[in-house]
Amino acid sequence: MKNILKSTLAILGVLVTFSSCNNSSNSNKKSGALASNVAEKVYVAPGEHDSHYAFLSGGYSGNLTVYGLPSGRMFKEIPVFSQFPTSGYGYSEETKPMLNTSHGFVPWGDSHHPDISQTNGEIDGRFIFINENNTPRIAKIDLTTFETTEIIEVPNSAGNHSSSFVTENTEYVVAGTRFSVPIPQRDMPISEYKGNFQGALSFISVAPETGNMDIKFQVLMPGFNYDLSHPGRGKSHGWFFFTTYNTEEASTLLEVNASQNDKDFIAAINWKKIEEYVNNGGGTMMPANYAHNVYDEHTHTATSTMKKEVRVVNPSEVPGAVYFLPTPKSPHGCDVDPSGEYIVGNGKLSANLTVHSFTKMLAAIENKKFAGEAYGIPILNFEDVLAGVVEQPGLGPLHTEFDGQGNAYTTFFISSEVVKWKLGTWEVLDRKPTFYSVGHLTIPGGNSRKPQGKYMFAMNKITKDRYLPTGPEMEHSAQLYDISGDKMELLLDFPTHGEPHYAAAMRADLIKERSKKIYRLEDNKHPYAAKSDDDTKVVRKGKEVHIYMTTIRSHFSPDNIEGVKVGDKVYFHVTNLEQDFDVPHGFAVLGQNTSELLVMPGQTKSSVWIPTKVGVWPFYCTDFCSALHQEMQGYIRVSAADSSTPIKWSLGEDIE
Amino acid sequence: MKKASIIMIIGSMLLLGLFKFPLWNIMLGAPQYPEPLGMNIYVDGIKGVQEFDLQNIDGLNHYIGMKTIPKPGEMWEFSLFPKVILGMVLLGVIIGLLGYVNKVSYKFFIGWFLFMSILGVLGMYDFNNWLMDYGSNLDPHAIIKVTNPDGTPMSYKPPLFGYQKLLNFDVTSLPHIGGYLMFVGMSLTLVAFWLGRKESLKKATE
């Protein structure tokens, strides 16, 4: 059947070719046969699935968005670092602890670089990690539920930008610091930056089974700006590479003062060596204060624990663990090819692209050929580690990804294009414009030994786009390209949410099979869950009133509540008894000072309401749940603070 | 007669499949259920195709006032049917064994088949009665009441066999593995009868 369909389409395609040639031989090349051909490549018929998932950072939205490729359709926004009224994330009692930090409750974040967990250097689709740049944190999202399940704050860090990239077996998710700061933080003159500020590179271990995160150690580096990073892989597994800028150690007008040195560095960190040192008791436990927030899928509740110390390692304690590779002109992206041999430094102020060789680096280290040292860290000779230079590929190189066929794709912010070039020969093979001023790009499986080819998408930095105008403020835009041929082919423009910095993408098959449909009610261990109508009750504890409430199509139980007084702290603990896919129930009460709750089948969520006015206030289901959704409502009677109305509740009969 | 007896034994033993596999299956698909809900009917009870299917079918049916799907203890059939099946298997095997040692004639084979067929028809009749009651004995306080053009209440009786549209649901009712094994088993006993008869006719002419 499919074949018949395909051949029919092919015949249609041929007809279109002929007719368009006949009608207008000098028509725009984009219309006619070419355009219809491209449309087919991104057309995912109704009822069919996209072949790839793409997870785009939500930038200053603080979230992560889920897209399908090649259609460019957005499926979901996953709340991570920001309050999200749609589901109640960060508003419900259960999820407020997720946004706790050593600075108190932080309702917003700036998410940057998602990276999917790996096994043996290949993407395994279990978890996705993403960093928060402003109040340094790393989050883990479970890809069976597509929910944020863990957030760890990163102490001693500031501008958590060279993050969150995972090693070959997800041994570590790594977080570097873009802004060096006094470590430990203290009151000191800013002008004494040089020599006194430091940059912490954090290696956060990930437990193999549970994925639980824990800061194993922090390497305290000189006070440069650690911009981006990537793990070594294959032969360079065990190493991590960070680009640096501001090796001048300026603290003001960086756009000038941090652009003085002809070369900055890529820092190469042998984390296996430091790990061994730490496992043998090396490093120093330093007092610290940082939040570790974990969401439990069974209690449906997050807990926040303050951790009080962190292990720090000074590079000088572990000789041979850290080296500097001179790299021209404030390099931004730091990208490692699938073989692990080439380390690309995208010198954003350079006209050329610099590629270092891991093999040459090892040889130079072996031969102790050093050009000098910085703060006790050996600097290798530029020429000794250089694999090659891509000459004049474009202006303002930022990031590079690989297709696994020996080609690299680099974005150029200033000349607004993606350039395809060949590893080893360094020749430019193709270039295509972006619309406009591209930042990151993503190839599915990009940060792994096995990129999954076929598609590449470029995420633009300038919000100016090619859509209908929507006023001064608009969303960003991305372009999808087919990279299966010799030349890249632009397929699609699609809008993106927030400012997506990086994105991670992979084939859909692994993830979609594991995606959960419901939470099992019998596994619900929430302390305030009501697992049947018999468990529903209203309990007063002093000024607190706890309402154990259930929802099922289409009623609340109880739906009449009396005895609540002005100034009480009323907890609505809403359990959704449904065990059917896609039957959430919502909860909102008039005058609620937080968001609604959106409760998935089998889940319990709690909302706190402190009534300020006497009256009878309605509550209702906010999610259209059945043909009788409009009937899903109830009343709560609020009496004066000094009244003696007793606590009562009912369903289906007059309240007695 | 040896060969026929062995086939008789195998045929009747295929009924044991009913203890492992469903006899019948009813699937309910709808626009909002692209992955249909389903119930598997075993000789000793009804189970959901997916873990929560029965609960979800009951949840939907309460709108139109249908009773919940019976639990094994709520229908006498689910305690009697397993005994009847087990009894027929034993009877079939005993007849087969006696046939093997030439203590009974091939006519017992067709006797077993006819007996089993009568029981089967009775079972289907009973099953259909239950479906009828399930689909039309509705709660008068049902939230949604649909009537036929002539004003009588609409019946939600699922089909005994085949496809039927019930409101927004596409309902398909077909035998399942256990049922097919039973049909094959019963057919084999017919084969046994035919073989036994052929042999005995041959003997008679010799």
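None of the figures in this text is laboratory data; all of them are computed from the coordinates on show. Computed from a predicted structure; not experimentally measured. Here the Cβ positions follow ideal geometry from the backbone for every residue, glycine too, while neighbour counts run over all protein chains shown.
The value obtained for segment B:2-205, namely the Cα convex hull volume divided by the number of residues, is 131 Å³ per residue. For chain B, a simple Cβ point-charge model (Lys and Arg +1, Asp and Glu -1, everything else neutral) yields a dipole of about 1180 debye relative to the Cα centre.
Mean sequence separation of contacting Cα pairs (under 8 Å, at least six apart), scaled by the length of segment A:285-419, corresponds to a relative contact order of 19 percent.
Straight-line cross-link reach from A:LYS569 at under 13 Å between alpha-carbon atoms covers these aspartates and glutamates, not counting any fewer than eight positions away in the same chain: A:GLU93, A:GLU544.
Among the GluC sites (Glu not before Pro) in segment A:344-424, those placed in a DSSP loop whose Cβ has at most 13 other Cβ atoms within 10 Å are A:GLU391. Screening chain B for whole DSSP H helices of 18 Å or more along their axis (Cα) with average Kyte-Doolittle hydropathy at least -0.5 returns B:77-100, B:107-136, B:177-205. Amide H to amide H distances under 5 Å link A:LYS517 with no residue, where only residues 5 or more positions off or on other chains count and H is placed in the peptide plane.
Spatial offset of segment B:152-206 relative to segment A:597-656 amounts to 54 Å, using the alpha carbon center of each. Our helix-only sum for chain B, with -39,500 (n - 2.57) per DSSP H run of n ≥ 4 divided by its residues, gives a mean residue ellipticity at 222 nm of -17500 deg cm²/dmol. The spacing between segment A:345-387 and segment B:86-143, judged by their C-alpha centroids, is 84 Å. Neighbour counting of Cβ atoms within 10 Å sorts the residues A:HIS230, A:HIS526, fewest neighbours leading, into A:HIS526, A:HIS230. Scattering from segment A:388-432 was approximated by placing one identical point on each alpha carbon and applying the Debye formula without solvent; log10 I(q)/I(0) at 0.16, 0.18, 0.28 1/Å stands at -0.34, -0.43, -1.04.
As a proxy for reagent exposure, A:LYS194, A:LYS541 were ordered by neighbouring Cβ count within 10 angstrom, fewest first; the result is A:LYS541, A:LYS194. Once amide H atoms are built 1.01 Å from N in the peptide plane, which residues 5 or more positions from A:ALA291, or in another chain, come under 5 Å H to H? Residues meeting the amide H criterion: A:SER102, A:GLU153, A:LYS307. Of all aspartates and glutamates in the structure, those lying under 12 Å Cα to Cα from A:LYS648, and not within fewer than 8 positions of it along the same chain, are A:ASP559, A:GLU562, A:GLU656. Considering only B:GLY135, B:GLY96, B:GLY11, the Gaussian network model of chain B with Cα springs below 10 Å gives its largest mean-square fluctuation to B:GLY135. Dividing the summed helix terms, -39500 (n - 2.57) for each DSSP H run of n ≥ 4, by the number of residues in chain A produces a 222 nm estimate of -3000 deg cm²/dmol to the nearest 500. Remark on A:GLY347: its backbone amide H falls under 5 Å from those of A:HIS332, A:THR354, a criterion applied only to residues 5 or more positions apart or on other chains, H modelled at 1.01 Å from N.
Just to verify a number: FRET efficiency for A:VAL616 and A:GLU544, C-beta to C-beta distance, R0 = 25 Å, to 0.05?
0.75
Comparing B:PRO36, B:PRO70, B:PRO149 in a Gaussian network model of chain B (Cα springs below 10 Å), the most mobile by mean-square fluctuation is B:PRO149.
Magnitude of the charge dipole for chain A, about its Cα centre and with charges confined to Cβ atoms of Lys, Arg (+1) and Asp, Glu (-1), is about 640 debye. Roughly speaking, what is the centre-to-centre gap between segment A:112-176 and segment B:1-76 when only Cα atoms are used, to the nearest Å? Centre-to-centre distance over Cα atoms comes out at 46 Å. Rounded to the nearest Hz, the phi-derived 3J(HN,Hα) couplings of segment A:51-63 under the Karplus curve 6.51 cos²θ - 1.76 cosθ + 1.60 (θ = phi - 60°) are 7, 9, 8, 10, 10, 9, 4, x, x, 6, 7, x, 10, where x marks glycine and proline. For segment A:336-394, list log₁₀ I(q)/I(0) at each q in 0.14 Å⁻¹, using the Debye formula over Cα point scatterers of equal strength and ignoring solvent, two decimals each. Debye output, listed in q order: -0.43. Partner lysines whose Cα lies under 20 Å from the Cα of A:LYS308, excluding those fewer than 8 positions away in the same chain, are identified as A:LYS216.
Under 18 Å from the 7 Å Cα→Cβ point of A:TYR375, by amide nitrogen: which residues of segment A:330-360? Once the point is set 7 Å along Cα→Cβ of A:TYR375, A:330-331 turn out to lie under 18 Å by backbone N, inside segment A:330-360. Working note: Cα gyration tensor of segment A:52-514, eigenvalues times five, square-rooted, sorted largest first, giving semi-axes of 30, 29, 21 Å.
Given the pairs A:LYS272/A:LYS422; A:LYS76/A:LYS461; B:LYS20/B:LYS198; A:LYS41/A:LYS461; A:LYS422/A:LYS450, which are separated by over 28 angstrom at their Cα positions? From A:LYS272/A:LYS422; A:LYS76/A:LYS461; B:LYS20/B:LYS198; A:LYS41/A:LYS461; A:LYS422/A:LYS450, over 28 Å: A:LYS272/A:LYS422; B:LYS20/B:LYS198. Think of the protein assembly as shown as having a plus end and a minus end, set by charges on the Cβ of Lys, Arg, Asp and Glu; of A:SER626, B:PRO159, A:ASN346, B:PRO159 sits farthest toward the positive end of this dipole.
In segment B:181-197, whose amide N lies under 20 Å from the spot 7 Å out along Cα-to-Cβ of B:LEU97? List them in ranges. What the label zone holds, given the 20 Å backbone N cut-off, is B:189, B:192-193. Label-to-label distance for A:LYS512 and A:THR145 is 2.4 nm, based on points extended 7 Å past Cα in the beta-carbon direction.
Against chain A, whose longest principal axis is taken from its Cα atoms, helix A:2-23 shows a tilt of about 60°. Normalised size of segment A:216-332, defined as Cα radius of gyration per 2.2 N^0.38 Å with N residues, equals 1.31. Of the residues B:HIS176, B:HIS141, B:HIS62, the one that moves most in a GNM of chain B with alpha-carbon contacts below 10 Å is B:HIS141. Residue by residue, segment A:81-93 carries 3J(HN,Hα) couplings of 10, 10, 4, 9, x, 3, 10, x, 4, x, 10, 6, 4 Hz when phi is fed to the Karplus relation 6.51 cos²θ - 1.76 cosθ + 1.60 (θ = phi - 60°); x denotes Gly or Pro.
When you restrict to C-alpha pairs under 8 Å that are six or more residues apart and normalise by the size of segment B:2-205, the relative contact order lands at 36 percent. Ordered by the count of other Cβ atoms within 10 Å of each Cβ, fewest first, A:ARG514, A:ARG466 give A:ARG466, A:ARG514. Estimated translational diffusion coefficient (Stokes-Einstein, Kirkwood radius over Cα pairs, 20 °C, 1.002 mPa s) of segment A:384-541: 115 µm² per second. For the pairs A:LYS512/B:LYS165; A:LYS454/A:LYS517; B:LYS107/B:LYS203; B:LYS3/B:LYS107; A:LYS273/A:LYS369; A:LYS263/A:LYS369, note any where the Cα-Cα span goes beyond 22 Å. Table pairs above 22 Å Cα-Cα are A:LYS512/B:LYS165; A:LYS454/A:LYS517.
Working from Cα pairs under 8 Å separated by at least six residues, relative contact order for chain A is 11 percent.
Computed from backbone phi, the HN-Hα couplings of segment B:35-45 come to 9, x, 7, x, 10, 9, 9, 9, 5, 10, x Hz, rounded to whole numbers (Karplus: 6.51 cos²θ - 1.76 cosθ + 1.60, θ = phi - 60°; Gly and Pro given as x).
With the gyration tensor restricted to C-alpha atoms of segment A:528-650, the semi-axes of the equivalent ellipsoid amount to 24, 14, 12 Å, longest first.
Distance in nm between label sites at B:TRP130 and A:MET474, each 7 Å beyond Cα in the beta-carbon direction? Computed distance between label sites B:TRP130 and A:MET474 equals 6.4 nm. With the convex hull of its Cα atoms as the shape, the protein assembly as shown has an orientation-averaged projected area of 54.1 nm². Under 13 Å from a label point set 7 Å out along the Cα-to-Cβ vector of A:ASN120, no amide N atom of segment A:232-262 is found. With R₀ fixed at 45 Å, the C-beta to C-beta distance from A:LEU362 to A:ARG520 puts the FRET efficiency at about 0.30.
If R0 equals 30 Å, the separation of the Cβ atoms of A:GLU489 and A:LYS235 corresponds to a calculated FRET efficiency of about 0.35.
Between A:LEU253 and A:LEU395, the simple label model (points 7 Å from Cα in the Cβ direction) yields a spacing of 2.4 nm.
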